[in-house]
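Working notes for the structure below.
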Amino acid sequence: MSELLIPFEYDYMLRAMGIAGLVGAVAGLLSCYVVLKGWSLMGDALSHAIVPGVVLAWLGGIPFAIGAFASGMLAALAMAGLRGRTPIREDAVIGVVFTGFFGLGLFLLSLFPSNVRLQTIIFGNVLGIADADIIQMAIIACVVALALGIWGRDLMLSLFDPVQLVAAGGNPGHMRILLLMLLAATAVAGLQAVGAVLVIGMLVTPGATAYLLADRFGRMAAIATFIGASTGLVGAYASYFLDGSTGGSIVALQAAIFVAVLVFAPKHGIRATRRAAAKAVGTPA
Amino acid sequence: MDGALVRPPGTRAGLSVEGVSVAYPNGHLALRDASFSLQPGTVCGLVGVNGSGKSTLFKAIMGLVRPSAGQVRIGGEKVQAALKRNLVAYVPQAEEVDWSFPVGVRDVVMMGRYGHMNMLRIPRAADRQAVDAALARVGMLDLAERQIGELSGGQRKRVFLARALAQGGELLLLDEPFTGVDVTTEDAIVELLTQLRDEGRIILVSTHNLGSVPTFCDHVVLVNRTVLAAGPTPEVFTGPNLLRAFGGALRQHSLPEQAKAHAPLEAGHVVVLSDDERPLVMAPDGRVLGRLTQDL
């Protein structure tokens, strides 16, 4: 039994669990907006597009978060700029831009193969990150949470009914930019927790799970935040024993919860909808 | 006291659309030199075929598209200023709403109050009262805690009407409010719009429901890539004008003999005009007789 408590005796484990839980919570909250906006692919694109920025930031000796954020915004600009100016469909534009950025990042990375810190950008290594990086991640997470605290309701309205936001004197275009920036920022924070490849999991799965469990945005946000926080914490804890990838365990755990909810959710689960359909046609389930 | 709820006298907002042209980035000119104006206390029907620029006109009035020429004034103010003052409320088409979105009836109506709240959009007592009053007025107070997808077609319409009521604008825009609702709901909506008109608001209704237009619209604006005619219903909503607005797009049945599809109005025939929804019945001289409640 006491063996299970061993992770709590190490400072680095406590820090890892703390930061994974915090980033998981914020990513979980943001995932509600991503899911309702239908921006899963956009989130995936941004989280890959930040990689060249991280490499260049490291080469230039500036904080990785700044390089990553700049790179993500540049990719978002490129996607927005191409959309509407070419007859190419949006998904193809996203696909071209993000693989282009990711490819460039991997190429830059291959020029400096000995740097372990850069390798962890791709796959994450929350157990081995430096204090300075933890502080960066914590600051980003808090800024994103604060921004959602201030503009969350307008953002939600812009997803549900953008014209009503206009009628209320707001601007849906600003909300679109805000969501892009929050996505890029959270992807940056999630990098070191689960890596660039898996961060999209944290930005989609909790929201998708909560959507199946809640009929109100407030509840959906609370559930998604809780799932994000708890899986971050538990995933980091479990990886101590499994000696495996923290990112993998966090995202796999989220996926497992999603599958369970998908089947057993009281109202929108597969079993419930099947029962409701059977009841509607008058045959026993 | 919430300043937006108490209107100082003499600030009634008229609507004027002056020479508005809208071109889209692909070069398509959706609307050319459109002009009309409405005084407070008017219900106005916006009538035209699909693709005639009706929705573009709506968008220009809401500031969603920028006119390449001309201007829209609401209460003498530019659109952006009018929106900031919460003067414009809008009721969307049912097809444009995501009914599976995780919001309840009360949440949706509260959205009408956002413009009255501070930046954090935290409702105050006045906002809750306005929401309750609006829900009561459309008879939806009992269903306030439902998720919007659990409502019937007519109830769904009422929720968004309640939202516009809670906002309390001077100009109310309704996009196809009668699509997919039963006659009872339609009558209830018309009754509510009439009340709002009597309170001195301007109600602009985009509709295909030609048969109902003369029953509740004081004014009509006929649109086909520009404003063809605008003014009091008896003057504008006439057979010849409607044929001009709709051309061959309108189903026309002359009684007792079936007229040819594109034949002009023939003397001595009762004419039934139909644009998808409830048909309009006109006397041989082009006077509007009434409507059919069943499609032909």
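The values are calculated or read from the model by the stated rules, or taken from the named source; none is laboratory data. Please read all numbers here as calculations on a predicted model, not as lab measurements. Virtual Cβ from ideal backbone geometry, glycine too; neighbours counted across all protein chains shown. When the accessible area is computed, the model is the full protein with side chains, heavy atoms only, and any ligands, DNA or RNA have been set aside. Shrake-Rupley method; radii C 1.70, N 1.55, O 1.52, S 1.80 Å.
At a glance:
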| item | result |
| --- | --- |
| Members of region A:156-176 found to be closer than 30 Å to residue A:53 by Cβ and either outside any helix (DSSP H, G or I) or under 17 Å from the mean Cα position of the chain (by Cα) (or both), listed by number | A:171, A:176 |
| Any helices (runs of 4 or more DSSP H) falling wholly within region A:27-143 and containing at least 2 residues that are touching a Ser or Thr at 6+ places or on another chain (Cβ under 6 Å) | A:51-60 |
| Which numbered condition residue B:120 misses (of (1) exposed (fewer than 15 other Cβ atoms within 10 Å of the Cβ); (2) touching a Gly at 6+ places or on another chain (Cβ under 6 Å)) | (2) |
| Strands (runs of 3 or more DSSP E) wholly inside region B:188-241 that include at least 1 residues being more than 25 Å from residue B:75 (Cβ to Cβ) | B:227-232 |
| Close pairs (8 angstrom Cβ cut-off, 6 or more residues apart or separate chains): more than 8 Å from chain A (Cβ to nearest Cβ) in region B:85-101, aromatic (Phe, Trp, Tyr) and crowded, with 19+ Cβ neighbours inside 10 Å anywhere | B:91/B:160 |
| Residue ID - nearest to the other protein chains (Cβ to nearest Cβ), chosen from residues in region A:151-181 that are among the β-branched types (Val, Ile, Thr) and open to solvent by 20 Å² or more (accessible area, probe 1.4 Å) | A:163 |
| Positions within region A:182-232 being under 16 Å from residue A:42 (Cα atoms), crowded, with 24+ Cβ neighbours inside 10 Å and either of a type in the set (S, T, N, Q) or within 14 Å of chain B (Cβ to nearest Cβ) (or both), in sequence order | A:186, A:205, A:207 |
| Scope region B:202-215; condition closer than 15 Å to residue B:187 by Cα and open to solvent by 10 Å² or more (accessible area, probe 1.4 Å); matching residues | B:214, B:215 |
| Filter result for residue A:11 (within 30 Å of residue A:237 (Cβ to Cβ) and more than 21 Å from the chain's Cα centre (by Cα)) | yes |
| Residues of region A:234-247 classified as within 11 Å of residue A:126 (Cα to Cα) and out of contact with any Leu (no Cβ under 8 Å at 6 or more places or on another chain), total | 2 |
| Subset of region A:91-112 [farther than 21 Å from residue A:58 by Cβ and loosely packed, with under 15 Cβ neighbours inside 10 Å] | A:91, A:92, A:99 |
| Residue that is nearest to residue B:110 (Cα to Cα), among those in region A:128-150 that are over 18 Å from the mean Cα position of the chain (by Cα) and open to solvent by less than 50 Å² (accessible area, probe 1.4 Å) | A:150 |
| Within region B:224-251, considering residues that are at pLDDT below 90 and of a type in the set (S, T, N, Q), the one surrounded by the fewest Cβ atoms within 10 Å (Cβ to Cβ) | B:241 |
| Evaluation of residue A:86 against (1) open to solvent by 20 Å² or more (accessible area, probe 1.4 Å); (2) hydroxyl-bearing (Ser, Thr, Tyr); (3) more than 14 Å from chain B (Cβ to nearest Cβ) (one fails), failing number | (3) |
